[in-house]
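The values are calculated or read from the model by the stated rules, or taken from the named source; none is laboratory data. Everything numeric here is computed off the predicted structure, so don't read it as measured data. Cβ atoms come from the backbone with ideal geometry, glycine included; neighbour counts cover every protein chain shown. The accessibility values were calculated without ligands, DNA or RNA, using every heavy atom of the protein model including side chains. Shrake-Rupley method; radii C 1.70, N 1.55, O 1.52, S 1.80 Å.
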Amino acid sequence: MLKKEMVAMILAGGQGSRLGILTKRLAKPAVPFGGRYRIIDFALSNCSNSGIDTVGVLTQYKPLVLNSHIGIGSPWDLDRRDGGVYILPPYQEESGGNWYKGTADAIFQNSSFIDSYNPEYLLVLSGDHIYKMNYDNMLKYHKEKNADATIAVIDVPLEEASRFGIMNTNEDDTIYEFEEKPKNPKSTKASMGIYIFNWKLLRRFLKEDQNNKESSNDFGKNIIPKMLEQGMKMNAYSFKGYWKDVGTIESLWESNMDLLREDNELNMQDKNWRIYSENHVRPAQYIGPNAEVKNSLSVDGCEIYGEVDNSVLFSGVIIGKNSKIINSVIMPDTKIGDNVIINKVIVGSSVVVRRDCIIGDGKEVTVIGGSQDIKAGSIIARE
Amino acid sequence: MLKNCLGIINLDENEDKIRELTRNRPLASIPIAGRYRIIDFILSNLTNAGVESIGIFSKMQSRSLMDHLSNGRPWDLNRKIDGLRFFNFTTTDPCIDDITNFANNIEYLYKARQEYVIFASSYMICNIDFKNILKKHIESACDITMVYKKVEDADQSFYGCEALNIDEDGNVLSVGKNIGNRKNANVGMGIYIMKKELLIHIINECVSTGHHRKVKSYIYNSLDKLKVKSYEFKGYLACINSLKSYYKGSMELLDHKINKELFSLERPIYTKTNDEIPARYTNDCVVKNSIIGNGCLIEGTVENCIIFRRVKVSKGAMLKDCIILQNCIIGQNAKLYNIVTDKYVDIGEYKELRGDITIPLVVENSIRKQY
């Protein structure tokens, strides 16, 4: 294998249990987002746009949809002669095999994959965040500072800091302390779960961590604190821009709604940093003679015959006559019948909502799981 | 069965009546239906029937088409064996002489493993099941099967198309041209099914005798020697051979029934994909009875229009009965009625342009020059 300077590993094995029924049949990174993407498209596109051509995707929980989506990586320009994208599930060896016990264990079990490219640096990413970032800039910073590890951080409001892993830094951005969900946060620099390590050094820490029976084999809980403890040079790389962890129903809904704001920092229309995804060919969308579409997103394959207000429609969605879709997210291939009111709801993929239903109460986000058939006249809130 | 069939798409369409849209591209490459190009229909019809080997014969001016076809992947034609081949090295216009292009590339036909050939142009828009047609052709044991449609408004449409003269047994007696002097006509769809050996024979005969410069004219003049039967196609058909028919055919796509038949789920029409963002509708927009492509930003009023991808319709702009090709910008308060704009057209603020339903006005492409 040809040598690479940096290899990326995307952690995509989690269930994302807080997304409830939406992850019943697929892993969180495969959850649809933004009208025509899946959450993992952001990490994959960022890699490709940053010039990283060798990416391992660590899968575990229900990976069928994810595997099929990623394929050989062509949509993200990751179908390459040397390198490209690799799906890495847990596997058996002569000595047996283990499910990934934690994020650090997942990387450790794939050490030989990484070694085959003999990289200087390893980029560790999560597959469940919505953001655009040039990892090459972060690598430049890591090299400039001669760091052993660089952790990307983002400024969060002080009132929210207790929800995150907070990095406490010196004047020169070196990290002296790491506090997980601190009650009294000393700084507002939240860890984004994006790390660049010197690979040989990390490999050493991962191996030691394996010998510790008490360890959860987790980067945030075990590896990072251990590195700090042993006096490694760890730098905080400040990221400015839109970043959202869409791990809860509320945040997934909010992040989709954010796309409808004119001043949205994510800037999806920037042709110089496109987010790529698997492309399915459907006829261009059709807006009917009595339809009303306001402040919404819609894509190929959609047919809108009713009212759509402040909502995000995915491919193949049909909205029936006299129906009102408000503040909602309708995932691919869902068919909404006539006279239906949908208010502040995330409707999963391939759902059929028959006529005269009322779903959602406009207060908290209601979720309808994928592939359901909601019979005519149903009234549902929250689910 | 269709693995045993070679597809030959002969781009010999007469572009005289559609020059406004073919100055920089072949007719086969004209964007249609907000998302596709004319050639996508015949390509998809062939591949949906299981044809895995397709040769496209075209004249040289075809960068746009080559770019669209790339390696044939959207139609599953990027294969190790067979797949898509493009023959566009000829300087002769296939509308007048297609024998030269075929003769120069006759090796392709000799080497093809398939026994049968479906020989077609691109300008007949339909969703057709070739499996059934080939079956009937083989059963009838005839030399050539010509596909046609019974048309009842031939005085208003399909002008210039083949008009077949058929007897009660379905044999083709002669082929004329529809000049609009009759209401009823058997419009030939320019689709011929025959054995590959026969096509090679026709090409060799044309070259050696010099009697004909087109495969079609050989066939028209040999109806007494060859056994040529007809097959009636009963679905929706539009022929795109003039600006008028392009405009009319495009507007017909706003009809739900026609749209569903053409873009059926069982036999989908495939095209080159792109990575556009979703279309965005603002609070001020009013959109009725229109087809809108991905990447559009709609801030104004759009009625009965076909809008391709990445078009911006600014605030206060009003578009009625228009076809706006990709990447255009319609300025604030501009008003367009019965207008067709080519790609990358900028219409300035407050500009008013009016065409007529039978005489649409075309605004041609000139990279980012403002009108």
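For the stretch A:1-114, the helices (runs of 4 or more DSSP H) that sit wholly inside it and include 3 or more residues that are closer than 24 Å to A:PHE197 by Cα, touching a residue at least 60 places away in the same chain (Cβ under 8 Å) and not small (Gly, Ala, Ser) are A:40-49, A:103-109. Somewhere in the stretch B:33-45, is a residue in a loop (DSSP other than H, G, I, E, B) and surrounded by fewer than 22 Cβ atoms within 10 Å (Cβ to Cβ)? Scanning the stretch B:33-45, I find no residue that is in a loop (DSSP other than H, G, I, E, B) and surrounded by fewer than 22 Cβ atoms within 10 Å (Cβ to Cβ), so the answer is no. Of all residues in the stretch A:266-278, those that are at the interface with chain B (Cβ under 7 Å from one of its Cβ atoms) and open to solvent by 60 Å² or more (accessible area, probe 1.4 Å) total 2. Among all positions in the stretch A:196-206, there is at least one residue which is open to solvent by less than 20 Å² (accessible area, probe 1.4 Å), in contact with a Leu (Cβ under 7 Å, 6 or more places away or on another chain) and not in a strand (DSSP E or B).
Yes/no matrix, rows are residues, columns are (1) within 14 Å of another protein chain (Cβ to nearest Cβ); (2) open to solvent by 60 Å² or more (accessible area, probe 1.4 Å):
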site: A:LYS4; (1), (2): no, no
site: A:ARG36; (1), (2): yes, no
site: A:ASP53; (1), (2): no, no
site: A:LYS62; (1), (2): no, yes
site: A:ARG80; (1), (2): no, yes
site: A:VAL85; (1), (2): no, no
site: A:PRO90; (1), (2): no, no
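Considering the conditions (1) under 30 Å from B:LYS248 (Cβ atoms); (2) open to solvent by less than 20 Å² (accessible area, probe 1.4 Å), B:MET194 is excluded by exactly one of them, (1). What about B:ILE291, is it in a loop (DSSP other than H, G, I, E, B), under 30 Å from B:ASP153 (Cα atoms), of a type in the set (A, V, I, L, M, F, W, C) and in contact (Cβ under 8 Å) with a residue 60 or more places away in the chain? Here the answer is no, as B:ILE291 does not meet what is asked.
For (1) part of a strand (DSSP E or B); (2) in the same structural domain as B:ASP169 (by TED's automatic domain parsing); (3) modelled with pLDDT under 95; (4) open to solvent by less than 30 Å² (accessible area, probe 1.4 Å), each residue gets a yes or a no:
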site: B:VAL207; (1), (2), (3), (4): no, yes, no, no
site: B:SER222; (1), (2), (3), (4): no, yes, no, yes
site: B:LYS229; (1), (2), (3), (4): yes, yes, no, no
site: B:LYS234; (1), (2), (3), (4): no, yes, no, no
site: B:TYR247; (1), (2), (3), (4): no, yes, no, yes
site: B:SER250; (1), (2), (3), (4): no, yes, no, yes
site: B:TYR270; (1), (2), (3), (4): no, no, no, no
site: B:ASN274; (1), (2), (3), (4): no, no, yes, no
site: B:LYS315; (1), (2), (3), (4): no, no, no, no
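Summed over the stretch A:92-112, residues that are surrounded by fewer than 17 Cβ atoms within 10 Å (Cβ to Cβ) and either of a type outside the set (Asp, Glu) or touching a Cys at 6+ places or on another chain (Cβ under 8 Å) (or both) total 9. If we scan the stretch B:295-303, do we find a residue that is over 30 Å from the mean Cα position of the chain (by Cα), within 14 Å of chain A (Cβ to nearest Cβ) and among the small types (Gly, Ala, Ser)? Scanning the stretch B:295-303 turns up at least one residue that is over 30 Å from the mean Cα position of the chain (by Cα), within 14 Å of chain A (Cβ to nearest Cβ) and among the small types (Gly, Ala, Ser).
Quick check on A:PRO225: is it more than 11 Å from every other protein chain (Cβ to nearest Cβ), farther than 26 Å from A:ALA30 by Cβ, open to solvent by 10 Å² or more (accessible area, probe 1.4 Å) and not polar (S, T, N, Q)?
yes
Can you confirm whether the stretch A:240-251 contains a residue that is under 20 Å from the mean Cα position of the chain (by Cα), at the interface with chain B (Cβ under 10 Å from one of its Cβ atoms) and surrounded by 17 or more Cβ atoms within 10 Å (Cβ to Cβ)? No, every residue in the stretch A:240-251 fails to be under 20 Å from the mean Cα position of the chain (by Cα), at the interface with chain B (Cβ under 10 Å from one of its Cβ atoms) and surrounded by 17 or more Cβ atoms within 10 Å (Cβ to Cβ).
Would you pick out the residues in the stretch A:340-353 that are open to solvent by 10 Å² or more (accessible area, probe 1.4 Å) and assigned to a loop (DSSP other than H, G, I, E, B)? Walk me through it before giving the result.
At the first step, the residues of the stretch A:340-353 found to be open to solvent by 10 Å² or more (accessible area, probe 1.4 Å) are A:341, A:343-344, A:349-350, A:352.
Passing the criteria: A:LYS344, A:SER349, A:SER350.
To keep it simple, each residue is scored yes or no on (1) away from chain A (no Cβ under 14 Å); (2) within 22 Å of B:VAL311 (Cβ to Cβ); (3) touching a strand residue (DSSP E or B) at 6+ places or on another chain (Cβ under 7 Å).
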position: B:ILE191; (1), (2), (3): yes, no, yes
position: B:GLU197; (1), (2), (3): yes, no, no
position: B:LYS216; (1), (2), (3): yes, no, no
position: B:SER222; (1), (2), (3): yes, no, no
position: B:LEU226; (1), (2), (3): yes, no, yes
position: B:HIS256; (1), (2), (3): no, no, no
position: B:THR273; (1), (2), (3): no, yes, no
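Filtering the stretch A:207-230 to residues that are more than 24 Å from the chain's Cα centre (by Cα) and part of a helix (DSSP H, G or I) leaves A:LYS207, A:GLU208, A:ASP209, A:GLN210, A:PRO225, A:LYS226, A:MET227, A:LEU228, A:GLU229. Whenever a residue of the stretch A:354-383 is surrounded by fewer than 16 Cβ atoms within 10 Å (Cβ to Cβ), its partners that are among the acidic types (Asp, Glu), lying with C-beta atoms within less than 8 angstrom and at least six residues away or across chains, give the pairs A:GLU364/A:GLU250; A:ALA376/A:ASP356; A:GLY377/A:ASP356; A:ALA381/A:ASP361; A:ARG382/A:ASP361; A:ARG382/A:GLU364. If you go through the stretch B:129-143 and keep only what is hydrophobic (A, V, I, L, M, F, W, C) and surrounded by fewer than 23 Cβ atoms within 10 Å (Cβ to Cβ), you end up with B:ILE133, B:LEU134, B:ILE138, B:ALA141, B:CYS142.
Only one of the listed residues (A:ILE40, A:ILE21) is more than 14 Å from chain B (Cβ to nearest Cβ), in contact with an Asp or Glu (Cβ under 9 Å, 6 or more places away or on another chain) and crowded, with 24+ Cβ neighbours inside 10 Å. That residue is A:ILE40.
Can you tell me which residue in the stretch B:152-178 is most open to solvent (accessible area, probe 1.4 Å), limited to those that are part of a strand (DSSP E or B) and touching a residue at least 60 places away in the same chain (Cβ under 8 Å)? Residue satisfying both the conditions and the ranking: B:ILE166.
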